[in-house]
């Protein structure tokens, strides 16, 4: 099915509320859900009665004003701040214009006040002052044209409460988005620093060794016909240097894998503790003394990443703990949280975790903890994975 393009007028402009929602990874139309509260336009006559109740005049004014109100509200969501504020003030003006005959227009006033909310970089104090001024004007005008004060006393409270709650909700979402970006940046910088370290280590390890191998190979080639014994000695020396270089590279790779696991643990600690979840990890003595194959090390590090992400997004936990150990020749990773537990939803990263563990002839168990929460346990046989290659992803 061909997807219809969004009309140009509804394309989010820079600085608009819709653009802010997109930047936070949400639908640009999230704010449109608040239109559900415009139901009060249709309920107000039920509480007014008399000339202000349901009537032909109310029906005609609703038919004429409500589509305009919806259009103005949509514009406050997608337009740049200055134009959006003009549309919000237009909703307030629509209320003032209809108020002598149409009490339902008070809902337009509330929406206009809420959509004057500050965008990025604007003062909340200035917004509160604007609310005070607009409510004072409304109260004065409504009392002047004969509205009873009992019907108006709730307006300043409602506009202030709804406006502040909407602003605080958006600020909270912006903070969460900033935290997610900071987590991604920490991972990116850690990966960049690790690549640079690997490059330096490999250059230091192999630069001199490979130069020596090249020189001795050339020398052996020149001595092959003139002095076969010396040539064989040089070839033997080349073999010895190559084996020593291979041993050094293996030791360096072991350090690289450990740094990768440490980076994932540090990233998980940052992710969870910034979200208010206490995080701890420990290594059993047997695990610390074991040299893990490359594939096992990286699979466990990726399992830590996936589990920490799931705890932060879904578990609603207060505490999480990761432990590493060796049991019966198996490397064992155990991740425990005290969250709400329950069924694991496919597509949240655990499927990939299971595939990586099972590719190493291991087992992954996900279940409820003894005191609630969730337990993720991965067991991978060490002897069967001495030469395991690092998994992809």
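The values are calculated or read from the model by the stated rules, or taken from the named source; none is laboratory data. Note that the coordinates shown come from a computational prediction; the quantities given were computed from them, not determined experimentally. Cβ coordinates were reconstructed from backbone atoms using ideal geometry, including for glycine residues, and neighbour counts include every protein chain displayed.
Please indicate, with yes or no, whether at least one residue in region 39-57 is modelled with pLDDT of 75 or more, under 18 Å from residue 98 (Cα atoms), over 22 Å from the mean Cα position of the chain (by Cα) and in a loop (DSSP other than H, G, I, E, B). Yes, region 39-57 contains a residue that is modelled with pLDDT of 75 or more, under 18 Å from residue 98 (Cα atoms), over 22 Å from the mean Cα position of the chain (by Cα) and in a loop (DSSP other than H, G, I, E, B). Checking every residue in region 220-241 against the condition of being surrounded by 15 or more Cβ atoms within 10 Å (Cβ to Cβ), modelled with pLDDT of 75 or more, under 28 Å from residue 292 (Cβ atoms) and not assigned by TED's automatic domain parsing to the domain that holds residue 293 gives at least one match. Considering only region 89-97, I want to know if a residue exists there that is under 29 Å from the mean Cα position of the chain (by Cα), modelled with pLDDT of 85 or more, within 19 Å of residue 17 (Cα to Cα) and outside any loop (DSSP other than H, G, I, E, B). No; the residues of region 89-97 include none that is under 29 Å from the mean Cα position of the chain (by Cα), modelled with pLDDT of 85 or more, within 19 Å of residue 17 (Cα to Cα) and outside any loop (DSSP other than H, G, I, E, B).
Looking across region 325-341, the residues that are modelled with pLDDT under 90 and touching a helix residue (DSSP H, G or I) at 6+ places or on another chain (Cβ under 9 Å) come down to 325, 326, 327, 329, 331, 338, 339, 340, 341. A single entry from 64, 74 fulfils the requirement of being surrounded by fewer than 19 Cβ atoms within 10 Å (Cβ to Cβ) and under 24 Å from residue 47 (Cβ atoms): 64. Among residues of region 248-298 being in a loop (DSSP other than H, G, I, E, B) and farther than 20 Å from residue 357 by Cβ, the one that is modelled with the highest pLDDT is 277. There is no residue in region 196-218 that is surrounded by 11 or more Cβ atoms within 10 Å (Cβ to Cβ), touching a helix residue (DSSP H, G or I) at 6+ places or on another chain (Cβ under 9 Å), assigned to a helix (DSSP H, G or I) and modelled with pLDDT under 65. All told, residue 102 meets the bar of being assigned by TED's automatic domain parsing to the domain that holds residue 140, over 42 Å from the mean Cα position of the chain (by Cα) and within 19 Å of residue 138 (Cα to Cα).
Return yes when residue 321 is at pLDDT 80 or above, within 22 Å of residue 352 (Cα to Cα) and assigned to a strand (DSSP E or B) and no when it is not. For residue 321, the condition - at pLDDT 80 or above, within 22 Å of residue 352 (Cα to Cα) and assigned to a strand (DSSP E or B) - is met.
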